[in-house]
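A short write-up of the structure that comes next.
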Amino acid sequence: MNTMLFTPISIGPVELPNRIAVPPMAMYSARSGVVQLFHKMHYGNLAASGAGLVCIESTAVSPDGRITNYDLGLWSDECEQGLKELVDLMHEIEPECRVMVQLNHAGRKASSVRPWRGPARTLPPMEGGWRVRAPSPIPFSDTYTTPREIEIEFGDCRQIAEDFGAAAARAARAGVDAVEIHMAHGYLIHQFLSPLSNHRIDEYGGALDNRCRFAKEVMNAVKAAVPANVAVGLRVSATDWVPEGWSIEDTIHLVNLAKKEGCTFVDVSTGGNTPDAPIPVGPGYQVPFASRVKAETGMTTFAVGLIRDAWQAETLLREGAADVIDIGRAMIDDPQWGWDAANRLHVEKVPKLVVPPQYLRGLSY
């Protein structure tokens, strides 16, 4: 059977051998931002999963931008060397696999405890935490600290944008094929975008274009820092899921802006900027947002959100709802999801990427 899932697609200068992507999923297992053996095992497996693209998890552009003490980072030579070793390993395991890294600053959600260490909250300094910054002094919830407002007169926005650029340059030197700027899930750039978390009255707040200003500055810094053969895109939360928050219409405005700045793909998620949003979680629940973004911007669009079945993924592509399908939780459940997808879709000839040659003899199809 001829499938769309196993058809190549380009995200700007980078061609993906198929349309299966592994989205960024934080493992919270680094030490001082540096890759550990766990990451090599984890991402080595994912490189051999059959996915055309694997995105390395949220990687902080500065120490104070980490979600937790255990986030990956890209602010030092040691961090860069660790990432290079990881990317080289992934390319060695499967040369056709394209590798992306997600760059992030957590803003008011920084200095948090690891998810399996208890309820979500800010880690205080006496427990190894640090003071956090955000567009406005509004805590994420009553278990998070009130952040310090980012100050324009002290160059905070400029410095953070430069941190994104410096991290992108390190990522490019480490050999990644693409960089994804994290503008979703309630982290710093999303905090600037959303009126729920941005109450500023200067040029970074108020009107939509003002709230998009910091995102644009980060995009410019990242694009300027990487060579032309590295694709640059963004991950967005298409809605805050509350009427007064960030909306799908705002998202379309942002994505059209990103196109003008040279970004070539968008990964469409939702939520994360308010703890009590009424999110109707279910299979494919975020796909309608990706579909609308794709239709109204023409940007190469990734869909994500409880997409687990190969036929479900194939159908979404055939319907034109998205161009690339993120397989996250299902890939953790089945680290060879791509192999199984080829089997379920009755692919007549197993594509080169789906199975490393070392494993071909062991397959039943």
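The values are calculated or read from the model by the stated rules, or taken from the named source; none is laboratory data. Everything numeric in this text was worked out from a predicted model, so none of it was measured. Heads up, the Cβs are rebuilt from the backbone with ideal geometry, glycines too, and the neighbour counts pull from every protein chain shown. In case anyone asks, the SASA skips ligands and DNA or RNA and just uses the protein heavy atoms, side chains included. Shrake-Rupley method; radii C 1.70, N 1.55, O 1.52, S 1.80 Å.
Of all residues being under 21 Å from the mean Cα position of the chain (by Cα) and part of a helix (DSSP H, G or I) in the stretch 324-350, which is surrounded by the fewest Cβ atoms within 10 Å (Cβ to Cβ)? Just the residue, please. Selected residue: Asp333. With respect to the conditions (1) under 25 Å from Arg121 (Cβ atoms); (2) part of a helix (DSSP H, G or I), Tyr144 lacks only one, and its number is (2). The set of residues in the stretch 206-244 that are assigned to a strand (DSSP E or B) and open to solvent by 10 Å² or more (accessible area, probe 1.4 Å) contains only Arg235.
Within the stretch 174-195, the set of residues being of a type in the set (D, E, K, R) and open to solvent by less than 10 Å² (accessible area, probe 1.4 Å) comprises just one member, Glu180. Selection over the stretch 234-260 of residues that are touching a strand residue (DSSP E or B) at 6+ places or on another chain (Cβ under 7 Å) and at pLDDT below 95 gives a count of 0. Scanning the stretch 222-280 for residues that are within 21 Å of Glu15 (Cβ to Cβ) and either of a type in the set (Phe, Trp, Tyr) or more than 18 Å from the chain's Cα centre (by Cα) (or both) yields Pro227, Ala228, Asn229, Phe265. Of the residues contained in the stretch 88-101, one or more are found to be within 18 Å of Val218 (Cα to Cα) and either in contact with a helix residue (DSSP H, G or I) (Cβ under 7 Å, 6 or more places away or on another chain) or free of Cβ contacts under 8 Å to residues at least 60 places away in the same chain (or both).
For the stretch 89-124, the set of residues classified as within 22 Å of His182 (Cα to Cα), under 21 Å from the mean Cα position of the chain (by Cα) and assigned to a loop (DSSP other than H, G, I, E, B) consists of Cys97, His105, Ala106, Ala110, Ser111, Val113, Arg114, Ala120, listed by residue number. Each residue in the stretch 1-25 was checked for being under 16 Å from Met331 (Cβ atoms) and of a type in the set (Ser, Thr, Tyr), and 0 pass.
Listed here are the residues, each with its yes/no results for (1) assigned to a helix (DSSP H, G or I); (2) surrounded by fewer than 19 Cβ atoms within 10 Å (Cβ to Cβ).
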{"position": "Trp246", "(1), (2)": "no, no"}
{"position": "His253", "(1), (2)": "yes, yes"}
{"position": "Val266", "(1), (2)": "no, no"}
{"position": "Gly271", "(1), (2)": "no, no"}
{"position": "Pro280", "(1), (2)": "no, yes"}
{"position": "Pro283", "(1), (2)": "no, yes"}
{"position": "Val293", "(1), (2)": "yes, no"}
{"position": "Thr301", "(1), (2)": "no, no"}
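A single member of Glu153, Glu162 is modelled with pLDDT under 95, in a helix (DSSP H, G or I) and not polar (S, T, N, Q), and it is Glu153.
Quick check: anything in the stretch 147-160 closer than 30 Å to Pro227 by Cα and in contact (Cβ under 8 Å) with a residue 60 or more places away in the chain? Yes, that holds for at least one residue. Residues that are open to solvent by less than 30 Å² (accessible area, probe 1.4 Å) number at least 3 in the following strands (runs of 3 or more DSSP E) confined to the stretch 5-88: 20-22, 53-60.
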